[in-house]
Amino acid sequence: MKFRCVDCGTKWTEKEIVNPFLCRCGGLLDVMQDLEALDGERLRELFQARLSERITPYASGVWRYKELIAPELPLEALVTRFEGNTALFRAASGLEQSVGVRKLWFKAQSGNPSGSFKDNGMTAAVSYGKAMGYTRFTCFHRQYGILPGDVCGGSRRRGARFFARSFGSAE
């Protein structure tokens, strides 16, 4: 995995960075995937084959695409509640015409385990934490609600402890 600073543009390898979030200049690090090295046809076939998965992490609508999302994570680190397998709904033809596209689809993220699109990111966050050896997760959020629930659900699924802390108002 490689990283690039969003402020100064410096590129880092995983072994070179000291802080996994910040560059030495203080800028945030952006993850860079080497997508050109991937075989697109092989991946299409693999992703299609994973549609029949029912009990492995690859049954998740997120981890089905593991090679594009987090190729470095080992299979045993993946934590999932099978999020991401939400329905697609075709837009009305009038809306398609008004935005100038042949087909427009909407993804109903409310079909995720907690009812939120945030499940998709939290499965990755908790899986990375597990791979790094963490057994406790904390979520600081402006209000108790869906995000802490996503972290909590993903953490409990693998027997980890979860803590939530609310601050401020929801306004």
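The values are calculated or read from the model by the stated rules, or taken from the named source; none is laboratory data. Please read all numbers here as calculations on a predicted model, not as lab measurements. Cβ sites come from the backbone with ideal geometry, for glycine too, and all protein chains shown count toward neighbours.
Worth a mention:
- Considering region 1-101, the qualifying helices (runs of 4 or more DSSP H), each wholly inside and each with 1 or more residues that are farther than 21 Å from T123 by Cβ, run over 40-49, 93-99.
- Tallying residues that are more than 14 Å from P71 (Cβ to Cβ), exposed (fewer than 11 other Cβ atoms within 10 Å of the Cβ) and among the charged types (D, E, K, R) within region 1-44 yields 4.
- Residue check, S98 without any contact (Cβ under 8 Å) to a residue 40 or more places away in the chain, polar (S, T, N, Q) and exposed (fewer than 15 other Cβ atoms within 10 Å of the Cβ): yes
- Yes/no for K107 being surrounded by 12 or more Cβ atoms within 10 Å (Cβ to Cβ) and not aliphatic (A, V, I, L, M): yes
- Close pairs from region 69-95: first free of Cβ contacts under 8 Å to residues at least 24 places away in the same chain and surrounded by 13 or more Cβ atoms within 10 Å (Cβ to Cβ), partner of a type outside the set (A, V, I, L, M, F, W, C) and in a loop (DSSP other than H, G, I, E, B), Cβ under 9 Å, at least 6 apart: A91/K103
- Qualifying positions in region 92-126 - more than 22 Å from L78 (Cα to Cα) and either hydrophobic (A, V, I, L, M, F, W, C) or under 13 Å from the mean Cα position of the chain (by Cα) (or both): A92, L95, V99, V101, L104, W105, F106, A108
- Leading residue by the ranking (surrounded by the most Cβ atoms within 10 Å (Cβ to Cβ)) among those in region 45-68 that are within 12 Å of the chain's Cα centre (by Cα) and closer than 30 Å to C8 by Cα: K66
- Taken as a whole, region 125-138 holds at least one residue that is crowded, with 18+ Cβ neighbours inside 10 Å, among the basic types (K, R) and at pLDDT 85 or above.
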